[in-house]
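Heads up, the thing below is written out as structure tokens.
The values are calculated or read from the model by the stated rules, or taken from the named source; none is laboratory data. If you're wondering where the values come from, they're calculated on a predicted model, not measured in any experiment. As a convention, Cβ positions derive from the backbone with ideal geometry for all residues, glycine included, and neighbour counts pool all protein chains shown.
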2 protein chains.
Amino acid sequence: MQDSATHPPLVSPLTDRECALLDAHWRALNYLAAGQLYLRDNPLLSEELRPEHVKPRLLGHWGTCPGLGLVHTHLNRVISARDLDVLCVWGPGHGAPAVLAGSWLDGTFGERWPDTGRDRAGMARLFERFSSPGGLPSHTAPVVPGSIQEGGELGYSLAHAYGAVLDNPDLLAVCVVGDGEAETGPLAASWHSTAFLDPVRDGTVLPVLHLNGYKIANPTVLSRIPEGDLDALLRGYGHDPLYVTAAPDTPPETVHRAMAAALDQALDRIAALRRTAREEGVAERPHRPMIVLRTPKGWTGPRELDGEPVEDTWRSHQIPLKDVRENPERLRALERWLRSYRPEELFDSSGRPRPEVLECVPRGGRRPGASPHADGGRLRRPLPLPDPSEFAVPVEAPGASVHEPTRVLGTLLRRLVEDTADRRDFRLVSPDEAESNHLQDVLAATPRAWQGAVLDTDRNLDRGGRVMEVLSEHLCQGWLEGYTLTGRHGLFASYEGFSTIVASMATQHAKWLQNAREVPWRAPVPSLNYLLSSHVWRQDHNGFSHQDPGFVDHILNKSPDVVRVYLPPDANTLLYVADHVLRTTDEVNVVVAGKQPCFDWLAPEQAREHCARGAGVWEWAGSEEPGREPDVVLACAGDVPTQEVLAAAALLREHLPDLAVRVVNVVDLARLLPSGSHPHGLSDGDFEALFTRDRPVVFAYHGYPWLIHRIAHRAGLHDRLHVRGYRESGSTTTPFDMVVRNDADRYRLVMDVVDRVPGLADRAAELRRTMERTRERHHHWVREHGTDLPEVDGWRWPG
Amino acid sequence: MQDSATHPPLVSPLTDRECALLDAHWRALNYLAAGQLYLRDNPLLSEELRPEHVKPRLLGHWGTCPGLGLVHTHLNRVISARDLDVLCVWGPGHGAPAVLAGSWLDGTFGERWPDTGRDRAGMARLFERFSSPGGLPSHTAPVVPGSIQEGGELGYSLAHAYGAVLDNPDLLAVCVVGDGEAETGPLAASWHSTAFLDPVRDGTVLPVLHLNGYKIANPTVLSRIPEGDLDALLRGYGHDPLYVTAAPDTPPETVHRAMAAALDQALDRIAALRRTAREEGVAERPHRPMIVLRTPKGWTGPRELDGEPVEDTWRSHQIPLKDVRENPERLRALERWLRSYRPEELFDSSGRPRPEVLECVPRGGRRPGASPHADGGRLRRPLPLPDPSEFAVPVEAPGASVHEPTRVLGTLLRRLVEDTADRRDFRLVSPDEAESNHLQDVLAATPRAWQGAVLDTDRNLDRGGRVMEVLSEHLCQGWLEGYTLTGRHGLFASYEGFSTIVASMATQHAKWLQNAREVPWRAPVPSLNYLLSSHVWRQDHNGFSHQDPGFVDHILNKSPDVVRVYLPPDANTLLYVADHVLRTTDEVNVVVAGKQPCFDWLAPEQAREHCARGAGVWEWAGSEEPGREPDVVLACAGDVPTQEVLAAAALLREHLPDLAVRVVNVVDLARLLPSGSHPHGLSDGDFEALFTRDRPVVFAYHGYPWLIHRIAHRAGLHDRLHVRGYRESGSTTTPFDMVVRNDADRYRLVMDVVDRVPGLADRAAELRRTMERTRERHHHWVREHGTDLPEVDGWRWPG
């Protein structure tokens, strides 16, 4: 605890009057929070509380509200006093009643939702709408002004806060971390974000660890470990903690004075650290301030019920007094509780907060509910994207050359990074895989963000770098969510196989975007963009544990308004896909692309057109005649399946020269969906124009084959559609052995075609035998030589 | 650093001879590890190294191997000296060459794989098989003796180690945590497992934090934060760290002496803590020993290449010298490197390790590769499961009563917990949701495991409790994986919506089980069993963020040999499903069941039969006549869909009394798959016997509706199958409003039926209007009253 000695003692900066006014504001928050849980009428308690004033269904969480309210009240004071640019991140977002109360009190709620303003009717409406069907959700959500944080699935608040302050040097994100949330993995990892935050170019996060004592039913770990261990832990994370502790019996004034002193000290220290870093440069890792706020769960609520303690126990997690309508004694207890906040001192008879209650509230955009960063779409500037054709590779003929698609993308991203050097509103995040995914060209334009020691042998590390690398997909995702929700742009480059680590975070973000689209005052924010590389077919090195293409399946279960999936088949198409997704808003875009050498199929202009269509016939690859329906459609999505389909098409052309084969490539997977099911879906007519009305379709897909059946769900298609893909058969093996193991190789595709096209008779049988023999030969060869068949390794599109 | 003062100085316990022998063992490990990466011939370097001795594809990871090898060597010593029961958990499992080398040296590899024993041929085969197609994977995997840990997806080693020592009081799990892995969320959370480990009834985990310095391309956070911060962090976790540090120039003897001293001190301390706790009881949270091992990445490997440093940088992560076959200079460098271990001193001319190299190796089951806990299936005892009928609820008539299914299950689990009180081989894990999921009866038999402070107001907390609750799905899963892989049983109870948090962990575990089934010497381990409750349809309280039924979709993408999904429709069926899954081995079982009051449909014996069939016709619910095909099949899976289907059946019976309706309920979702695709799949004949040959099927499913299309993928079915389910339309709302929002309600199902059954003419139109009017009424009612329609709330099966 070496730093503690240097702290001045916590002397309260408050006069008695200031203290009383802060307490009034806090009581108002608590009253409004409790009112949301219980009341549907008589909002000001202007008459005796009767059963019919109470909601029929009591839903919501009380336990964390008074603690959140205390933070809210005191932030109002310091923002006003110091004119701070503050974004609040409320980790315990299920304490929405406190946050809603705050934005109602500071006026922002009524500005955004004009029927719910600061008067009796507005208060009644706030109470009534809370947790009612179609009303305000019981967690913070896009409808809540000033919020970027849903508190349903816990663990992401601190990463969101860090993401928000990146490249926002004057922003202070105050992040309340619940002690339940603090037990989650993502939150536990997030503390180490201190190692990535640049004190010069980034803003500051002030964590408030709220030791509320209990989760739903259990005590929390951090509230019960010895105080010395807790202090050591937080110092280990790079913090210098300040403690504010309230027991049920602590007089509120004592708490207010301690909280005010702690905040002042933290903010003085933050200002000093900023100044030193910006004026004198950074010498060593500073211990940044944070606050540990220990309060009773359900503080100021009912002390006990039926002889059991309620305040300061898990019993106050949700609704501390139940069956209030039915039980007159409890109704009285509720009334006593609500009146304990002395609402008559807080609101006038028309329900307006009295001026002195609002004295601490800052003005205009400084109000917590009005932070422009929380409606980040308004701060968004479209990226200065270069023309992809500048970075496109020349393609003499299809398949005549190879490039590494992600490497080519890296050249475009490098330019983008250069062109945003002053704006600083684009970041690449990656779990230590930017180079491994062949995006190393980006590092020529910006190093990796790194605040720790740098050794002579290190490369590309710098405090101001805009590539963020940490071996935590959760942190990458959390940072990027915070960054995009506050209006900036980014790309998350990951191994495909490990993207499922953040499946649930992607769900929550997609839900947030889906709801935010329905909030009229929210402007669209930049999309969350994934680049999944080192994909399932090319894990030669790492094998089975690294093979999972299921993130796409997961994403496509979410709202079609939000989710998009792209599988560019080569380098140039990847450029145009990337260009597209970086221009979009309010979407979750998943781009799957390889990093290994891949045939170039489309020249730049062809690539642009193909990506714009999202799916199309590759006439040059097929053997159909104009005006005649083909005998079979060979379709593909993904770089390896495209290669196998073209190799199969070449084999068919060689062995069955009069078979009319159509080759269809799909870049934008949602094109396969019906037009009524997804904004990118094809009409039945357009779908038929690609896939014919009745011909067999053999489809080689990058991932689990049944996904194609699920999305290409059209009348009459099912029984003529045959899909090959990854079937969970993996290993450390050669690239071609992977497709053979999963029955998605060129020889199998040829067999699939001859099995499905009628009238081939003897020629089919013979070709099938040839294909089977080649697969046999492959099996022996790969066991013996550890490499692929020479005819596969050396295969070229015949042109 | 208060505890450090009390440490005796690290005095080496080694004689010079012992030190030399340990070094020989370590050199042998390093030689064997490097050999696996490079050699396909000339394994003993008995002749000059030529290009053809080198593998054509160089795959694998060198960087972490020497550090892992050092731990391995020294564990051999202390196990021998102290006769310890040790399980090694290798977090950096991509350092498989070191682990394989260890098990080859201790003889266990050759015992399990007799063609790869301790002689020249066996060594050559080990080298050749490593990372070759169909050979040994480049990460530790089930084929590796002594291992329960795949190191591909990082983050789970420490939780596995804690899971392994639960209820194994004499076991010591030595867990090497990589500093890359340490950045992940799950690992960061795992350190707090100290708060749950009972020093009396559980064993001990000795973490070895391996500060290898670099990940793939970046330095690691923990290797670069100030040493004081690192020490504080680890003390904060409840540890008392011992430091062993090696720089590239440190003489090996110095490192051996330091490592031996640190291990001795740690083990003395562990023995003392055990003794104190068991003889005198536990007073306060002890700081448990751990080792921080700082070594150069790629230690003892090539110092530099082309003027760039390799050892001690990220460049030694995988293959430090590439293009060895093509470049004679590099070939010489490789030979120098390999000969630096002096293989001629380590192996005799027939390739057998010299006796002195093996002097430190313990005997028999004490060898690291022979730990019985790593082949936990051999320790497994079937659970003493009670007869479910004892706990079943009486059912006078279908739908005549209601019970909370999970609550009823809790009564059975309580008995199971009582009946395993002495064996201690069953645990319930839950992210603070055991009570919330209505399993509170279990707590009458055992409290929650809790080592922290206990207050007067706390309930059901005790050091020896067998319910594990922490607000981290990752920890719950990791603990249970470690527990079941070492042969014990458990159940993971979670909110359905948050189960996706562990989607990727479930993937990795399913992959492990899939591979383990193919390893002849591994015995089957108890299955990993999930109980998902608080499901998508009943998140009245928490709303949209808590609604995600996609875990089932995710699981069903994995190997059909491993995965199973059950959706019991009521309390009694849940009992029989639970009874079944707790008897199985080598599976991942997902059981989805509600906690809210649910109609009882099946009497105990009926429930038993229905669960045994997995899917069946509920004759009592339909209106078909024997011997006549029904007009329509109403199918359902899940408790809420079952209720809606029965309500629809009742409406149809009322309004269209001559319509022949068949009701089919599906408990075991895999029954819908074809028999060739899943061991539980139905043959086409059996499928038709349920779903008819050609009648329309209206299916109400618990989750995303397309999953049913995907699994019920049979010829001719597609166009007559119509599925309703959750379509990502959620909110804080009433239970019935949830099904209406997703078009899965009884009225919609009736409309679906009348739209699909031909020949209903006017009656269909009229019924459709009635249904639409009722849905309209619902919309108004729920907005106005905040509750469901009285006719829905009061609905009962007409019987």
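Things worth noting here:
- Selection of segment B:54-70 for residues being of a type in the set (Val, Ile, Thr) and surrounded by fewer than 24 Cβ atoms within 10 Å (Cβ to Cβ) yields only B:Val54.
- Candidates in segment B:212-231 are the residues that are of a type in the set (A, V, I, L, M, F, W, C) and surrounded by fewer than 24 Cβ atoms within 10 Å (Cβ to Cβ); of these, the one that is nearest to A:Gly236 (Cα to Cα) is B:Leu230.
- Where strands (runs of 3 or more DSSP E) fall entirely within segment B:443-545, those with at least 1 residues that are at negative phi, hydroxyl-bearing (Ser, Thr, Tyr) and more than 9 Å from chain A (Cβ to nearest Cβ) are at B:489-495, B:528-533.
- Residue within segment A:302-324 that is small (Gly, Ala, Ser) and surrounded by fewer than 23 Cβ atoms within 10 Å (Cβ to Cβ) present: yes
- So A:Arg775, is it among the charged types (D, E, K, R) and out of contact with any Gly (no Cβ under 7 Å at 6 or more places or on another chain): yes
- Check on A:Glu791, at pLDDT 95 or above and either more than 45 Å from the chain's Cα centre (by Cα) or in a helix (DSSP H, G or I) (or both): yes
- Strands (runs of 3 or more DSSP E) fully within segment A:548-663 counting 1 or more residues that are modelled with pLDDT under 95 and not assigned by TED's automatic domain parsing to the domain that holds A:Gly410: none
- Flag for B:Glu390 being touching a Lys or Arg at 6+ places or on another chain (Cβ under 9 Å) and within 20 Å of B:Thr573 (Cβ to Cβ): yes
- Residues in segment A:261-274 include none that are buried (at least 23 other Cβ atoms within 10 Å of the Cβ) and not hydrophobic (A, V, I, L, M, F, W, C).
- In segment B:729-756, the residues that are of a type in the set (A, V, I, L, M), assigned to a helix (DSSP H, G or I) and under 23 Å from B:His655 (Cα atoms): B:Val739, B:Val740, B:Leu749, B:Val750, B:Met751, B:Val753, B:Val754
- Given (1) surrounded by 24 or more Cβ atoms within 10 Å (Cβ to Cβ); (2) within 14 Å of chain A (Cβ to nearest Cβ); (3) not β-branched (Val, Ile, Thr), index of the condition B:Trp601 fails: (2)
- Among the residues of segment A:124-137, not a single one is in a loop (DSSP other than H, G, I, E, B) and touching a strand residue (DSSP E or B) at 6+ places or on another chain (Cβ under 8 Å).
- Residue in segment A:721-750 that is surrounded by the fewest Cβ atoms within 10 Å (Cβ to Cβ), counting only those that are facing another protein chain (nearest Cβ under 10 Å) and basic (Lys, Arg): A:Arg727
- Count of segment B:683-720 residues which are away from chain A (no Cβ under 12 Å) and within 28 Å of the chain's Cα centre (by Cα): 2
- Enumeration of residues in segment B:112-139 that are within 21 Å of B:Val54 (Cβ to Cβ), in contact (Cβ under 8 Å) with a residue 40 or more places away in the chain and not hydrophobic (A, V, I, L, M, F, W, C): B:Arg120, B:Gly122, B:Glu128, B:Ser131, B:Ser132, B:Pro137, B:Ser138
- B:Ala262 falls short on exactly one of the conditions (1) touching a helix residue (DSSP H, G or I) at 6+ places or on another chain (Cβ under 7 Å); (2) more than 14 Å from chain A (Cβ to nearest Cβ), and that condition is (1).
- Within segment A:335-393, tally of residues that are assigned to a loop (DSSP other than H, G, I, E, B), of a type in the set (A, V, I, L, M, F, W, C) and under 30 Å from A:Ala81 (Cα atoms): 5
- Filtering segment B:193-240 to residues that are away from chain A (no Cβ under 12 Å) and either without any contact (Cβ under 8 Å) to a residue 12 or more places away in the chain or within 29 Å of A:Pro219 (Cβ to Cβ) (or both) leaves B:Leu197, B:Asp198, B:Pro199, B:Val200, B:Arg201, B:Asp202, B:Gly203, B:Thr204, B:Val205, B:Leu206, B:Pro207, B:Leu209.
- Failed condition for A:Pro248, given (1) touching a residue at least 40 places away in the same chain (Cβ under 8 Å); (2) away from chain B (no Cβ under 12 Å); (3) surrounded by fewer than 21 Cβ atoms within 10 Å (Cβ to Cβ): (2)
- Note on segment B:128-140: residues that are more than 8 Å from chain A (Cβ to nearest Cβ) and out of contact with any helix residue (DSSP H, G or I) (no Cβ under 6 Å at 6 or more places or on another chain) total 2.
- Residue within segment A:757-768 that is part of a helix (DSSP H, G or I), within 13 Å of another protein chain (Cβ to nearest Cβ) and in contact (Cβ under 8 Å) with a residue 40 or more places away in the chain present: no
- Boolean, B:Pro679 is within 35 Å of the chain's Cα centre (by Cα), away from every other protein chain (no Cβ under 14 Å) and assigned to a loop (DSSP other than H, G, I, E, B): yes
- Residue within segment A:87-110 that is surrounded by fewer than 24 Cβ atoms within 10 Å (Cβ to Cβ), in contact with a strand residue (DSSP E or B) (Cβ under 7 Å, 6 or more places away or on another chain), in a helix (DSSP H, G or I) and within 14 Å of another protein chain (Cβ to nearest Cβ) present: no
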